[in-house]
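Chemist: Structure provided below as structure tokens; questions to follow.
The values are calculated or read from the model by the stated rules, or taken from the named source; none is laboratory data. Small disclaimer: the values here were computed from a predicted structure and weren't measured. Every residue, glycine among them, receives a Cβ derived from its backbone with ideal geometry; neighbour counts consider all protein chains shown. The area values use the complete protein model at the heavy-atom level, side chains included, leaving out ligands, DNA and RNA. Shrake-Rupley method; radii C 1.70, N 1.55, O 1.52, S 1.80 Å.
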Amino acid sequence: MRPLLVTAADVVELVGRVGLGRFIDGLIARLEEVLRRWRELTVVPRVSFQYPAGVVEAMPASDGRWYAVKVVNGHPDNPRRGLLTVVALGVLVEVETGYPVMVADATLLTAFRTGAASAVATKHLARPDSRVLGIVGTGAQSEFLCLSIGRVAPIEEVVYYDVDPAAMGKFERNVRPYGLRLTPASSGREVAERADVLVTATAGRGRRRVVERAWLRPGTHVNAVGGDAPGKTELDPQILLDAKVVVELLEQALVEGEVQNVGKGAVYAELWEVVSGLKPGRVSRDEITVFDSVGAAFEDLAALTYLYELAAAEGVGREVEGLLPSPADPKDLFSLLRLRR
Ligand code: NAD
């Protein structure tokens, strides 16, 4: 068995070959498909270890054919050291044999799947005529969120704000080629007051209030992305009390999501219930909806299986000889050591 090694450069190559829009569309479709097969999945909250500098997490999920696990971190001060806030490695295991078939960079993939998850939620919860996307926090995830949401909603204008002007400049440069009207704002309030679809994707510590309830217009859909750990939230809790709130996995959201501040009673549904039609998404123009996203392992299962199939089809990545041992006699592992006596 020679697992496929897929590096960050390979992911870049694949996206280039498939085309960014098609790559995102395929991932959104795969995620929806996985959500519709929810009862076939094994899903558990991720295992998070908290450290003063950040969090390191193991995220396993399975659909009975594949077992995927991602190791990922969240270190808000990393950019000051020239490092990413979030970096990830994924392993895809074939359930039948238990052998890993792929080891992959999952950092770009995490950004794509975070964008895809918010896109799926936006598709089912936002007003279908949402034209203005607001983004508070234009860091590493922001372009992925913006372009993914743009695949499912008729977004024409993006209003954006970050406390770091350099991050706003970077966002503008990266998104400029995609034909959206870009409007820099001078506060989170200005963004929230204009948005039909609002994304909060800030990195920070503590229970913050990046967006206040009073700033939201009726009918806004919020993708709350940056509140994703115990004691790390972004929204005025009143928003959650007034809104239709959808989470990825209730058990995990109650510990890590915005809803940790208000409790279970504020949660309307898990995303799979809305995607599979068990519970209606938006039912009126005026209701405020919130996707309280923390990032869940089933999203990485969708992303890693998607990447594996694409990489295999396109011949991208390389099979690594010798990464796993293959003794002639599977009961004689010791023979591989070839020790001199
Ligand atoms: P990043 O550090 O690259 O970007 C975060 C940005 O937020 C920075 O540019 C920072 O200046 C800005 N910011 C901080 N406080 C702000 C405020 N009050 N108003 C406006 N801007 C502010 O981080 P990233 O990789 O883009 O991730 C963003 C957040 O999303 C992080 O908190 C991360 O943990 C989280 N995240 C969630 C998921 C998920 O699935 N829900 C996935 C990946 C990352």
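Chemist: Once you treat every alpha carbon in the chain as an equal point and sum by Debye, what is log10 I(q)/I(0) at q = 0.09, 0.14 Å⁻¹?
Modeler: Values returned for q = 0.09, 0.14 Å⁻¹ are -0.47, -1.10.
Chemist: Something else about it: Select from 298, 337, 227 the residue farthest towards the positive end of the dipole of region 182-341; place +1 on Cβ of Lys and Arg, -1 on Cβ of Asp and Glu, and compute about the Cα centre.
Modeler: Value computed over the given set: 337.
Chemist: Sticking with this one: Give the shape of region 149-278 as rounded, prolate or oblate, defined through the alpha-carbon gyration tensor: a ≥ b ≥ c are the square roots of its eigenvalues, a/c under 1.5 means rounded, and otherwise the shape is prolate if a/b is larger than b/c and oblate if not.
Modeler: Working: a/c = 1.88, a/b = 1.45, b/c = 1.29.
It is prolate, given that a/c is not under 1.5 and a/b is the larger ratio.
Chemist: Counting just the Cα atoms, what span does region 104-159 cover along each of its three principal axes? Round to the nearest Å and put the largest first.
Modeler: Between the extreme Cα coordinates on each principal axis of region 104-159 lie 37, 22, 13 Å.
Chemist: Work out how much length residue 97 to residue 214 would gain on full extension: take 0.36 nm times their residue separation and subtract the Cα-Cα distance, in nm to one decimal. Please list the in-between numbers first.
Modeler: Working: separation 117, 0.36 × 117 = 42.12 nm, distance 5.44 nm.
The span from residue 97 to residue 214 would gain 36.7 nm if fully extended.
Chemist: Just 218, 330, 60 to compare: in a GNM of the chain, with alpha carbon springs under 10 Å, which one fluctuates most?
Modeler: 330
Chemist: Report, in deg cm²/dmol and to the nearest 500, the calculated mean residue ellipticity at 222 nm for the chain, where each DSSP H run with n ≥ 4 adds -39500 (n - 2.57) and the sum is divided by the residue count. Kindly include the intermediate steps, with their values, before the conclusion.
Modeler: Values: 10 runs with 112 residues, N = 341.
Only helices count here, giving -10000 deg cm²/dmol.
Chemist: Please give the charge dipole size of region 135-213, origin at the Cα centre, charges +1 on K and R Cβ atoms and -1 on D and E Cβ atoms. Round to the nearest 20 debye.
Modeler: 300
Chemist: In addition: Rounded to whole Å and sorted largest first, what semi-axes of the equivalent ellipsoid does the C-alpha gyration tensor of region 140-187 yield via the square root of 5 times each eigenvalue?
Modeler: On the way: eigenvalues 62, 24, 19 Å².
Taking √(5λ) for each eigenvalue gives 18, 11, 10 Å, largest first.
Chemist: Give me the extension gain from residue 176 to residue 283: residue separation times 0.36 nm, minus the current Cα-Cα distance, reported in nm with one decimal.
Modeler: Roughly 35.1 nm would be gained on extension.
Chemist: At 0.36 nm per residue, minus the direct Cα-Cα distance, what do residue 129 and residue 238 gain on full extension? Give it in nm, one decimal, please.
Modeler: Extra length available between residue 129 and residue 238 comes to 36.7 nm.
Chemist: Starting at 0 and stepping by 5 Å, how many percent of the alpha carbon pairs of region 211-341 end up in each bin?
Modeler: 2, 9, 15, 15, 12, 8, 7, 7, 6, 6, 5, 4, 3, 2, 0, 0
Chemist: Another question about this same structure. What does the charge count near residue 59 come to, summing +1 for each Lys or Arg and -1 for each Asp or Glu among other residues with Cβ under 10 Å from its Cβ?
Modeler: Result for the local shell: -1.
Chemist: Now for a different question. Rank 295, 188, 227 by mean-square fluctuation in a GNM of the chain with C-alpha springs under 10 angstrom and give only the top-ranked residue.
Modeler: Checking each option, the largest mean-square fluctuation is seen for 188.
Chemist: Using only the heavy atoms of the protein chains and a 1.4 Å probe, how would 7, 220 rank by accessible area, largest first?
Modeler: Result, largest first: 7, 220.
Chemist: Shifting gears a bit: Counting only DSSP beta bridges with both residues in the chain, what percent are antiparallel, rounded to the nearest 5?
Modeler: 50
Chemist: When the chain is modelled as a GNM with alpha-carbon springs shorter than 10 Å, which of 197, 320, 175 fluctuates the most?
Modeler: Of 197, 320, 175, the most mobile in the Gaussian network model is 320.
Chemist: With every protein chain kept in place and ligands, DNA and RNA left out, what is the accessible area per residue of the chain? Probe 1.4 Å, answer in Å².
Modeler: 45
Chemist: Further, regarding this structure: Need one number: convex hull volume per residue for region 1-109, Cα atoms only, in Å³.
Modeler: Dividing the Cα hull volume of region 1-109 by its residues yields 130 Å³.
Chemist: Here is a follow-up. In region 40-159, how does Rg compare with the Kirkwood Rh, expressed as the Rg/Rh ratio over alpha carbon atoms?
Modeler: My calculation puts Rg/Rh at 1.03.
Chemist: OK, next. In region 63-143, with Lys and Arg counted as +1 and Asp and Glu as -1 at Cβ, which of these residues, 111, 67, 93, has the Cα nearest the positive end of the dipole, that is, farthest along it?
Modeler: Positive-end residue among those listed: 111.
Chemist: Hey, another quick one. Ignoring ligands, DNA and RNA, please state the percent of accessible area on the chain from carbon and sulfur, probe 1.4 Å.
Modeler: 55
Chemist: Under a crude label model (7 Å from the Cα following the beta-carbon direction), how far is residue 39 from residue 9 in nanometres?
Modeler: So the label points at residue 39 and residue 9 sit 4.7 nm apart.
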